[in-house]
Structures are given as structure tokens and as C-alpha cells.
Amino acid sequence: MEVIKGEKLLSLSTSVKVLLDMLVSSELMDNFRITKLDVSLLKKLKTTLVSVLIALNDDADVKEWLDMLRYAVLEVENLFDEINTEALRCKVEAQYQTITPTSKVLKNLSSPFKRFNRVINSKLEKLIERLEFLSSGGGQKVESGVSNFTSVWNGTSASCSVDESSIYGRNNDIKKLKNLLLSDDASDGDCNLRIISIVGMAGIGKTALAKLLYNDPDVKEKFGVRGWAHVSKDFVVFRVLEIIIESITSKTIRNDASDANASYPNLLLATLQQFLSTNYFLLVLDDVWDAKSVDWIYLMDIFNVGETGSRIIITTRDERVALSMQTFLSVHYLRPLEREDCWSLVARHAFGAGNNQQRSDLYEIGKEIAKKCDGLPLAAIAIGNFLRTKLSPDYWNYVLERDILELIDYEVQHALQLSYSYLSALLKRCFAYCSIFPKKSILEKNMVVQLWIAEGLVESSTDQEKVGEEYFDVLVSRSLIHRRTIGDEEENFEMHSLIHDLATMVSSSYCIRLDGQNLHERIHNLSYNRGLYDSFNKFDKLYGVKGLRTFLALPLQKQLPFCLLSNKAVHDLLPTMKQLRVLSLSNYKSITEVPNSIGNLLYLRYLNLSHTTIERLPSKTCKLYNLQFLLLSGCKRLTELPEDMGKLVNLRHLDVTDTALREMPAQIAKLENLQFLSDFVVSKHDGGLKVAELGKFPHLHGKLSISQLQNVKDPSEAFQANLKM
């Protein structure tokens, strides 16, 4: 898939640029000085990374070379993390040793610094050598001619015809949209124009549905003037006007010199408004991407000249386009086809119209293949055409076992990939990370955002959760993630199967599911489905994987009845994964204690031990200075937290819901970065945690349960807590 290869190059280039930004950051420079490292190596590394960028821009396409380069870049990220963590450790430990004479503190820190300097400087020199080797052509880099995907405006007035008999499962959609087109709605008020937006993911059938409505006899009868323009990504207003006029008049008016003629746009404007002012009009703006209101305000001023009751249909995969309209609008979300309708569409293209009754021996296989399309009409058509080449059970069974994204044609691949291509670099990384969840997983927004933050995929800010939620909302608006409401529960989300395949494809070199993919030593993110009993043998392939950042037992949010994990995996395997940023062992009832070796996972940002049977956390947990999320909900036997919790200076989220805590360490009051705290236990001891301490959490928001309020001795403490609704 050539476009995806180009995107992998772009993704790697993005990672290199992120490193270059880190190199010039004041934080890294300060930490280099704190740890007394060789600053000249930073300058050398910067030069080398620039050379890597140049090499990537040469469109190199040797998979092994790209994998080696990606791995080297990730190792640089890990090294920066190691430097920042050591500097953070020094700061925290210095605060806790203030009672020790200064000379003794310096003596205690001096020896570890010297060892650290030697190790880090050596690692950095070796990494620079590897990057220089790879950027100069090492690893058998060759030129391949893979071109980066570029966006070109491709407005067109292509055929608007569609075969109505080839559209399945859209009767309710057609009925509703046709009613919106033909009704005289008094609620439109003084507005002459009503906009109807059809929103849905790529390949869902938005354009086909718009064509069917456009050519409907009743619609033709009402609207004396009809025009169609395929707009796409980078539209220019007067180009759109040209295409609409061409569609209305069925005449070509475009000329290459039009850009240079200053009066030409005004002539177009006057011509179009003359056409539109004579009758009810229907305009279709197909495949609209741009949500910037300034262009829409201008276009609405142009279009708002027709008879009251005129309509504009907009098709878009980005709901923000629909919601940005500054006039009366209706938004219609197009959903995937039901299974039977999807199979009917596959069968029509596999057997031909009216011939599907002749090959009943292929029905059951065909229905299973159709399920893999997950209700996407464009994929169903492509698969039907593919199956048509050989109508035999053996061949269809072969197709059933294949990855559907490998079989569908370039048009479908390209349509799916466009939404990904136009994402920002950070959003591409967030999207790719979602492949760590199995197909059809429920995606809880807060859970996904926490993982993104822990993996360093969200821009640093005081309220990273809010930024991460904005990222998530963009993926939803672009139809890369869609809403899924289950009963009366709060809103949840999921990925369409083919979009999930796309995410897997762009992340496959570093993000892997233990259950279904081959492991290699360069993987960084790993997840697996939790079993009733997960023996050590399930994970024996992980020995030798040194750079693992994510270890997730799934599902995260579902409380299972009784799951067991081998003690050997907890005590022997996990301590070897020293680069972990994310660790979730939730729902394992066999986990009764956390080993002291947890303190060696210095880069851990996310630790989820919810619904285990632990009674306490070891004091070594307080060495996890990078920890941002500590999830302990449902640990019904948990009775205490470590005394030195104040050392967890980066902790943002502490969930101890439904535990047996009757006391909390006083040092919790030092966690000034806390954004979420599920429970606060007021101490009865003089030196313990008081309700007034809540005033020390300036960023705290959301739900908070306060218990043991009978221990509040002074009512003024409640005012000092400074709690607001």
C-alpha cells in the first residue's frame, strides 16, 4: 500500500522533529546541566537528526532500514526520558534530605552522578554513531520512488447519476432526507435557505445517497435549478462557483487564465446569482473538508438569493463542517449497513444483478466475508467485485482467511486513508495508538486520553486531560472514531473495523496485540486479552523485548468475575521491562501483593491495579517520580497507601474508589498536580490529613468523596478547603 508507506515515512519524520524540539527545550538543557552530562553531544545529536530528516525526505523504502531507524529514534526518546528522570530524582531526593548537612547530601549524590554520566554519555555516543550510519545509507537504503501523499484540490463536476437498485439498506435514510428536501418547514423563519448535511466515515455511501436524492423525480420537479460540485480538501471559492455553473448549464466555462483576471470572480458571482434567483434551487457540495466559517459565510451570502425553500446538501466526513454552518441546518449521520443489507450488496457485485440465486453453495461463505466489511458499502462493492473473478468455494474460503484491507482496491484504501492523512502529526500518533485495542472494543474517552498522556502523545500543558479530550473529539468529528451508546449508560465510542485495520497498518511496527501478531524485539506497545488463567508460558516470548513501553491486560474497564495471573509473570517478568510507561494488571484476583521491584520501573506514568486483592503498596512505589495515573479502584482489601506519597510529584489522577482505606498519608497534601482524587479520608490524628488540606489542590476537579467527616474538629477547616461546585 504505497500511500501507507509514505505515511510511515511521514510518521518517522514527525518523531525526529519531536526530538529536535526536545533538544532545544530549556528543560532538557537544564537537566543535562543538573546531571553534568556532556552538552557538546547534544549539538552533535542535533546535526545527526537533521541528516536523518534529509535521508527520510529522499523517500527511502526499505522496510528493514525504516525499522532500524525508527528503533534508533525511539531509543533516543528513551535516553532523554532517562536523563529527565534522573534530574527529577535528584530534585525530589534533595527536597527530602534538607535535614541532612549539605556536604553530606552532595557526597551522597556525587558517586551515582559519576556512574550515570559515564553510562549516559556512552549510550548517547553510540546512538549518534548508529544514526549517522543509517542516515548515510547504512542498512542498504535504496531509492524507491514512493512519494509522500500531497493534497491537491480536485473539484469536478463528474457524473451525478446513480443506479437506485444498487443501493441497499437506506430506505429510512432516503425517506427522512427526502422529507427534509421537499417539506415547507415554517421553523425556517426568514431564512431562504436550508442546509442538509450528510455526515459519515469514508466509504459509508454519503455521495451515493446524495446522488439518489439529486436525481429523484419529485426532487427534480420541485427544484428548477440544480447544481453539483465535488469540493474535496483545498477548495477555492471561485473554483467552486465555476463547477456549480458548469453543472447547472452543462457547459464548460473554465480557463487557465482565470486566476490572473481580477474581475473574473465577480463575473462568476453575478452569473451564478442570476441562475439561483430565478427558481427554487438545489445545490450539492460533495466531500467538503474545510470547516473555517469565513469561507462559509461568504458562500452563504452568495447562495441566499433563491426562493424560500431552496436547499443545499453537503456531504462530509467531518461533523465540524456541518456544525459550522451559519444558517438553518439539519445534520444526518449515516451509519454502517446492517449485515443482511451488506451481504446483499456484496452478492449483487459478486454474482451480478438478479443472478445471486444461482450460487446458493457460496451463500454461507459469502455472508461471513460480508461481515468483514462491517457495513461499509464501498468495501462491500470492492469485495463483491473481487469475488466475482472466481465463483468457487475454495477461492471464497481463501478470501475469507485474508485481511480485507489487502484485498480491496486502491480507491477504497485511498478513501479510508485520506481522513488519516489530513490529521496533524500528534493526532496521527494518537490514532495509531488506538490499534492496541481489539476490534469492536468499547473506547472510553477518559481511559484513552489517560493512556495518550502517559505515552507522551499529548502536548504538555497544565490541563493535559482537556487537550487530550480535544484530540479525541477531533478523531470523532473526522469519523475515525464513532459514538456507541449502550443502553442508558454514558456515551462510549468504538472504531469501525476497517478504520481499525488502517490504525493497525500504520502502527504495526511498534504496536502489537499478543493474541494475534508475531512479536519482534522492537515492539513498544503490547496488549492482550485477559484469560481466566494466564500462565507464565503465555508471555515467554516477551523475554528479549527490551524497549516495551506499554503492557495492557484488556479490557481495562470491565470487571471480570475471577481471573488469575501467574506469580512468576508478576515477580520475574515485569521487573525486566524497565522502559515501561504504561502497566495495567487490573482484574487479576491472584495479585495479592506488589513486588518491591515496582520501584525499578522509573519511567512508569500509568499504573492500573484496579480490582486486584492487594492490601498495600510497597514503599518503593514512591520512587516512581514520573507516575501520573494511579488506579486502585475496587481493591477491596487495600487498607493503606505508602507514607512517602508526596514524592509522586507528577501524580495527576488517584482513584481509590471502593477500597478499605480508613486513613490516608498526610503527604498526599503535597501532590499539587492532582487533577482527580476519588476519595479523601479525614484523619482523626493530630498530625494526619485534615479537610483544610484540600485547599492545596488548585487543579482538582470532578467528583470527590470525603469520608470520616466526624474527625473535623474546627469548622473553619471547611472554608480553608476552598471547595467549589
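The values are calculated or read from the model by the stated rules, or taken from the named source; none is laboratory data. Here the structure is a predicted model, which is why all the values come from computation and not from measurement. Using ideal geometry, Cβ is built from the backbone for each residue, glycine included, and neighbour counts are taken over all protein chains shown.
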Original post:
Quick check: is even one residue across the stretch 629-647 within 28 Å of residue 97 (Cβ to Cβ), assigned to a loop (DSSP other than H, G, I, E, B) and modelled with pLDDT under 90?
Top reply: no
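So that you can scan it fast, the table gives a plain yes or no per residue for (1) acidic (Asp, Glu); (2) more than 27 Å from the chain's Cα centre (by Cα):
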| position | (1), (2) |
| --- | --- |
| 603 | no, no |
| 620 | no, yes |
| 624 | no, no |
| 643 | yes, yes |
| 658 | yes, yes |
| 665 | no, yes |
Subject >> Residue count for the stretch 183-241, restricted to those that are more than 28 Å from residue 376 (Cβ to Cβ), acidic (Asp, Glu) and at pLDDT below 90 >> reply: 4
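Residue-by-condition table, conditions (1) modelled with pLDDT under 90; (2) assigned to a loop (DSSP other than H, G, I, E, B); (3) more than 12 Å from the chain's Cα centre (by Cα):
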residue	(1), (2), (3)
435	no, no, no
438	no, yes, yes
456	no, yes, yes
461	yes, yes, yes
467	no, no, yes
473	no, no, no
488	yes, yes, yes
493	no, no, no
509	yes, yes, yes
Subject >> residue 518 being over 19 Å from residue 318 (Cα atoms), at pLDDT 90 or above and either not small (Gly, Ala, Ser) or not assigned by TED's automatic domain parsing to the domain that holds residue 427 (or both) >> reply: no
Original post:
In the stretch 459-472, which residues are farther than 21 Å from residue 602 by Cβ and not aromatic (Phe, Trp, Tyr)?
Top reply: 459, 461, 462, 463, 465, 466, 467, 468, 469, 470
**OP:** Answer with yes or no whether residue 651 is closer than 18 Å to residue 580 by Cβ, in the same structural domain as residue 669 (by TED's automatic domain parsing), of a type in the set (A, V, I, L, M, F, W, C) and buried (at least 22 other Cβ atoms within 10 Å of the Cβ).
**Re:** yes
Original post:
Which one is modelled with the highest pLDDT, of the residues in the stretch 270-310 that are aliphatic (A, V, I, L, M) and part of a loop (DSSP other than H, G, I, E, B)?
Top reply: 305
Original post:
Can you pull out the residues in the stretch 396-413 that are at pLDDT below 80, assigned to a helix (DSSP H, G or I) and of a type outside the set (S, T, N, Q)?
Top reply: 405, 406, 407, 410, 411, 412
Original post:
Would a scan of the stretch 362-379 turn up a residue that is in a loop (DSSP other than H, G, I, E, B), small (Gly, Ala, Ser) and out of contact with any Asp or Glu (no Cβ under 9 Å at 6 or more places or on another chain)?
Top reply: no
Subject >> Where a residue in the stretch 125-138 is under 12 Å from residue 70 (Cα atoms) and its partner, wherever it lies, is among the β-branched types (Val, Ile, Thr) and modelled with pLDDT under 80, with Cβ under 7 Å and at least six apart >> reply: 131/52; 135/52
